[in-house]
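One structure is given below, encoded as structure tokens.
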Amino acid sequence: MNERYSRQILFSEIGKIGQEKLLNSRVLIIGCGALGASHSETLARAGVGFLKIIDRDFVEFSNLQRQNLFSESDAKERLPKAIAAKNRLSQINSEVEIEAIVADANYSNIENLVKDCDLILDGTDNFQTRYLVNDACVKLEKTWIYGAAVSGYGATMTIQPYKTPCLRCIFEEMPDAGTSPTCDTAGVIQPIISMISAIQTAEAIKFLTGNFDRLHRALLQFDVWQTDWRRIKLNEPNPECQTCGHKNFEFLEAETKESSAVLCGRNAVQISPPKLTNLDLPALAEKLKNLGSVKQNEYLLRLSLGEYELTVFSDARAIVRGTDDIITARSIYSKYIGT
Ligand SMILES: [Zn+2]
């Protein structure tokens with residue numbers, strides 16, 4: 001055991017035994033934006049032996065205000081976030097093994113990603129991936145830590161399958177597309193990232209060192225701008241929950257929930273969200289008006305973003321022009337419409 005971890009070992013509830021456990025732990029971080037970057041830095045510094053980081057996106061200048069692992073040169077090179085994170089984390093702690101995966105976490109790979117890890121941290125930016133992660137973690141009985149942050153507000157909850165409520169016990173249905181604010185439409189400030197990430201990584205360290213009775217067992221909500229917070233104590237899992245009650249893992253069952261199709265010869269991808277809905281196009285136009293040029297009529301809204309153009313229909317279906325890559329198109333949809 002080297003000097004590096006001496007202050008953490010002095011912390012009596014971790015100690016030498018806890019530190020050994022951290023060094024032998026394997027953690028999956030899904031999404032390496034602001035939350036994921038913060039999780040991975042804290043856990044690499046703490047000496048978690050193996051970190052698997054998956055992200056589908058690349059670094060942009062608009063990330064640098066809050067995504068603490070990334071630098072201007074990463075943004076200039078448009079490096080994939082998983083790779084840029086691995087590069088930086090290797091400088092911070094070369095003793096940690098890091099697997100960087102540049103891919104979309106979806107029904108085809110999620111169980112493989114999860115199965116050889118002790119704990120899963122949510123660094124995603126959309127509900128669709130969270131429901132997928134919830135299904136996989138409940139099915140494989142892996143603990144995962146939900147986290148979300150937008151504008152000055154955030155929430156987190158630690159989910160231990162069959163011991164605590166799962167995500168779907170609390171939020172039965174995914175919110176309709178276009179109804180939730182995203183960091184790309186409502187903005188976000190860095191302090192809420194630190195706050196949510198701090199709770200998530202503290203829970204991770206408690207869990208990995210075997211301090212299970214210290215887990216907070218609540219849905220915690222914070223607003224750093226209003227300086228307000230709430231702790232909603234969790235009861236037992238809901239026996240009627242589709243996921244942990246009925247073991248209906250529908251998000252894992254192939255792409256029944258969202259379909260995307262490359263539109264041949266048009267350099268465009270069509271995205272159909274899991275649940276078609278009736279979008280409030282004027283409200284969406286108002287939300288997007290500062291982000292690019294917006295045109296709207298009663299059937300659709302078109303947002304021009306330089307190299308990409310996003311056309312959203314009133315049922316929430318969309319066509320992303322400027323790419324024939326489904327992952328890029330989905331990422332644009334999550335950022336600007338939100339799922
Ligand atoms: Zn449940």
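Which of N290, F313, L51 sits farthest toward the positive end of the charge dipole of the chain, with +1 on the Cβ of Lys and Arg and -1 on the Cβ of Asp and Glu? Farthest towards the positive pole: L51.
In terms of packing, defined here as the mean over residues of other Cβ atoms within 10 angstrom, the peptides 301-310, 320-329, 276-285 line up highest first as 320-329, 301-310, 276-285. Dividing the convex hull volume of the alpha-carbon atoms in the chain by its residue count gives 134 Å³ per residue.
Taking 19 Å as the straight-line reach from the Cα of K139, the aspartates and glutamates in range (excluding those fewer than 8 positions away in the same chain) are E111, D116, D118, D122, E172, E173, E236, E240, E250, E253, E255. If you run the Gaussian network model on the chain, springs between alpha carbon atoms under 10 Å, then out of G154, G15, G123 the most flexible one is G15. In the range 185-324 the Cα-Cα distances spread across 5 Å bins starting at 0 as 2, 8, 11, 11, 12, 13, 16, 13, 9, 5, 1, 0 percent of all pairs.
How about K81: which lysines have a C-alpha closer than 24 Å to its C-alpha, ignoring those fewer than 8 places off in the same chain? Correct list for K81: K52, K115, K335.
To the nearest 0.05, what FRET efficiency results for N112 and E72 with a Förster distance of 30 Å applied to their C-beta separation?
About 0.30, to the nearest 0.05.
Name the residue from I271, Y336, S260 whose Cα lies farthest towards the positive end of the charge dipole of the range 249-339, charges +1 on Cβ of Lys and Arg and -1 on Cβ of Asp and Glu. With unit charges placed on the Cβ atoms, the residue in question is Y336. For the pair L10 and N238, the difference between a 0.36 nm per residue extended length and the Cα-Cα distance amounts to 78.1 nm. On the beta carbon distance between E298 and E173, with R0 = 25 Å, the FRET formula returns roughly 0.40. Just the number, please: carbon plus sulfur as a percent of the accessible area of the chain, 1.4 Å probe, no ligands or DNA/RNA counted. Carbon with sulfur: 48 percent of the solvent-accessible area. In this Cβ point-charge picture (+1 for Lys and Arg, -1 for Asp and Glu), the range 52-92 has a dipole of about 160 debye about its Cα centre. Label-to-label distance for S62 and N2 is 4.0 nm, based on points extended 7 Å past Cα in the beta-carbon direction.
Given +1 at the Cβ of Lys and Arg, -1 at the Cβ of Asp and Glu and no other charges, the dipole of the chain around its Cα centre is 520 debye to the nearest 20.
The values are calculated or read from the model by the stated rules, or taken from the named source; none is laboratory data. On a predicted model such as this, the values are computed, not experimentally measured, just so you know. With ideal geometry, Cβ positions are generated from the backbone for all residues, glycine too; neighbour counts draw on all protein chains shown. Heavy atoms of the whole protein, side chains included, go into the accessibility calculation; ligands, DNA and RNA do not. Shrake-Rupley method; radii C 1.70, N 1.55, O 1.52, S 1.80 Å.
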